[in-house]
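Presented below is the structure to which this report refers.
Where a number appears in this text, it was derived from the coordinates with a stated rule and is not lab data. Since this is a predicted model, take the numbers as computed values, not measurements. Cβ placement follows ideal geometry from the backbone for every residue including glycine, while neighbour counts extend to all protein chains displayed.
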Amino acid sequence: GESGVGKTTLLRLLCGFCEPPSGSLLLFGRSVSQWNLSELRKQISCVFQENQIFPGTVRENISFSRPGATLSEIEAAARLSGLDGFIRQLPKQYDTMLQANGAEWSGGQYQRLNLARAFLQDALLYLFDEPSASLDEEMERLLIESIHTLRQAGKTVLIISHRPALLRACDRVLQLSR
């Protein structure tokens, strides 16, 4: 759908960040407003267009979605997002410090960090808002493979995208309109 039609708002509604002005939105058979937000957010993993980076190490930033994850689990999530090879080239690898403003890396690298965080969460539902917008063709291809891996594991993936390759990887394509 075109800009302003409500695609991102739909994802925010599903995450419980806001409530619909009327009616209700059902998720897993229950109204989103009836969910305990912390329980709901354990079931949903979101990657929005804005990259969320926290002051701390790469390991801490990826494991933000699942505190207590092992280093091997974090590395597996980074491999799924295509970031592991880049991290291994850093002097302190997963212990490299990051700043909240995100000035050290490219937009695509931060996008892959956010994807790794999402993959680590092991949610039932993955919500991606333009997940390949900052990625080159090779990284987009890897993202598509990772989405197939999630689907094969019985996960549901909802993607907002205008990228043809990503849309071709979907079972269903819906277009929102005013």
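Taking the inverse of the mean 1/r over every pair of distinct Cα atoms in the chain gives a Kirkwood hydrodynamic radius of 16.9 Å.
Give me the net charge for the shell around I44: Cβ to Cβ below 14 angstrom, other residues only, Lys and Arg +1, Asp and Glu -1. Show your work: numbers first, answer last.
Numbers: positive: R12, R30, R41, K42, R66, R117, K155; negative: E39, D122, D129.
Net local charge, I44 excluded: +4.
Modelled spin labels at T57 and K155, positioned 7 Å past Cα toward Cβ, are 2.4 nm from each other. If R0 is taken as 41 Å, the Cβ-Cβ distance between L176 and K42 corresponds to a FRET efficiency of 0.90.
Checking every one of the GluC sites (Glu not before Pro) in segment 15-109 against DSSP loop status and a limit of 13 other Cβ atoms within 10 Å picks out E50, E104. Expressed to the nearest 5 percent, the antiparallel share of DSSP beta bridges inside the chain is 30 percent.
A straight line joining the Cα centroids of segment 1-40 and segment 134-178 runs 20 Å.
Run the numbers on the chain and let me know its relative contact order in percent, using alpha-carbon pairs under 8 Å that are six or more apart.
Working: 232 pairs, mean separation 47.2, N = 178.
After rounding, I find 27 percent.
Here's how it looks for V47: its modeled amide H is under 5 Å from those of L127, F128, D129, which are all 5 or more places away or on a different chain. For a modelled paramagnetic label at Q99, 7 Å from Cα along Cα-to-Cβ, the residues of segment 46-67 in reach, with backbone nitrogen under 16 Å, are 53-58.
Determine, from the Cβ-Cβ distance of D122 and S24 and an R0 of 35 Å, the FRET efficiency 1/(1 + (r/R0)^6), rounded to the nearest 0.05. The formula returns an efficiency of 0.80 here. Starting from the Cα of A165, move 7 Å in the Cα-to-Cβ direction to define the label point; list residues of segment 122-148 whose amide nitrogen is under 18 Å from there. Hits in segment 122-148 for A165 at 18 Å: 129-148.
Ignoring lysines fewer than eight residues from K42 along the same chain, the ones with Cα atoms less than 26 angstrom from its Cα are K7, K155.
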